[in-house]
Structure formats: structure tokens, C-alpha cells
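Undergrad: Handing you a structure now.
The values are calculated or read from the model by the stated rules, or taken from the named source; none is laboratory data. Just so it is clear, the structure is predicted and the values come from calculations on it, not from any experiment.
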Amino acid sequence: MSVHRNYALGSRLPHPAEFVVCTYWDQDENNLPFPWRFNKQTQAIDLEFVHGFNASTELRDEPMYFRGQSLRAAHNVLALGPNFVAWMEGSDQDGDGNSADAGSVEMIENPILCDANVICPNQNPNQGSSGFSTEPISFESSAGPLVSDYLKTMIFLKPLVVRYKVGGTTLYRYFANNFEGNT
């Protein structure tokens with residue numbers, strides 16, 4: 001038996017899982033996943049300022065449903081990246097228009113995460129077995145433009161928890177995603 005034949009018999013097509021994640025609106029008011037990134041050298045979680053996302057971009061209350069394909073191994077996060085800290089200090093963090101006090105953002109629970117590409121965005125997993133869209137639907141290829149790495153994001157296997165201050169008051173915030181079926 002050849003090695004190629006044995007490998008092909010043991011392989012199967014990727015089966016993307018369903019997720020609910022944090023989102024933001026881009027300049028065209030598209031609902032997009034937060035552009036989370038992981039820096040392997042510093043072991044830091046960060047945000048990439050890309051496709052309209054910047055330090056003053058607001059987190060939306062509306063979740064995004066998508067099927068995502070995990071691309072790599074899990075990463076243990078040991079630090080917060082500078083763009084994430086800039087975002088915490090530059091956008092509304094308490095719901096009253098106030099951002100985090102400079103120098104107050106710290107990670108208190110380290111997340112575990114992995115890279116993922118968004119496949120079939122905004123297709124609500126609770127929709128059932130049929131759905132429609134004005135955009136092409138594909139359950140095999142990643143969505144989005146090249147500028148956003150095809151809507152690359154991170155899947156939290158364990159949530160990120162940060163502590164920060166707004167006007168001297170200590171607040172906590174967590175970032176996670178739901179796996180459909182757990183909602």
C-alpha cells in the first residue's frame with residue numbers, strides 16, 4: 001500500500017465549527033470580527049489596525065455568527081500587545097463614553113487561543129438547515145478581503161480577562177467566543 005493512498009483514506013475535508021464572536025463595524029458598516037492577532041515572539045495577544053479598525057473603534061453589542069476553521073495549534077498568551085492596550089485606552093470601555101485610564105490595563109487571566117478564518121459569516125447557526133444571503137456563500141473557503149487576511153480572527157479556547165480603571169474606578173472585562181450549541 002502506498003503512503004499517499006493511506007494518507008488519503010485517513011483524511012477528511014475540514015468541518016468548520018460554529019462560533020459567536022465580538023464584532024465591530026467597518027467604514028462601510030459591515031459587521032466584522034475583531035481582528036485579533038497573536039505575536040509568537042512576545043507571546044502577546046493584540047489587535048491589528050486593519051480594514052477600518054483602529055484605537056477608537058467601538059465594540060458592537062451585536063454578535064457575529066460564523067463557521068470557522070481552526071488553522072494552527074493553540075497559543076498560551078503571556079502578554080497584551082500595544083494595539084490592544086491603545087484600543088482599551090482609546091475607545092468607550094464603560095458604556096458612558098469613557099476609555100481606560102492610561103497605564104491601568106493589565107491581564108489577570110491569560111487566554112488560550114488559536115487562529116481561525118471566518119467561513120460563511122453572519123449565517124446564524126440557529127437558522128436551521130437553510131439560509132440565504134446577498135453575498136456568495138461558501139462552507140469551504142474563507143470570507144472577506146485580503147486586507148483583513150480574509151477575516152482572520154482568533155478563537156478563544158479560554159477567555160481573556162483584563163482589569164483596568166476608568167476615572168480611578170476598577171473595572172473588569174472578558175473577551176471570549178461562544179461555540180454554537182453552548183448558547
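Undergrad: Out of all the residues in segment 159-183, which are modelled with pLDDT under 90 and charged (D, E, K, R)?
TA: 180
Undergrad: For segment 1-61, give me every one of the strands (runs of 3 or more DSSP E) that falls completely inside it and has 1 or more residues that are modelled with pLDDT of 90 or more.
TA: In segment 1-61, the matching strands (runs of 3 or more DSSP E) lie at 36-39, 44-47.
Undergrad: Any residue at all in segment 72-86 that's closer than 21 Å to residue 27 by Cα, over 14 Å from the mean Cα position of the chain (by Cα) and at pLDDT 75 or above?
TA: Going through segment 72-86, the residues closer than 21 Å to residue 27 by Cα turn out to be 83-84, 86.
Restricting the remaining residues to those that are over 14 Å from the mean Cα position of the chain (by Cα) gives 83, 86.
Filter once more, so that each one left must be at pLDDT 75 or above: 83, 86.
Checked against the condition, which is being closer than 21 Å to residue 27 by Cα, over 14 Å from the mean Cα position of the chain (by Cα) and at pLDDT 75 or above, segment 72-86 yields at least one hit.
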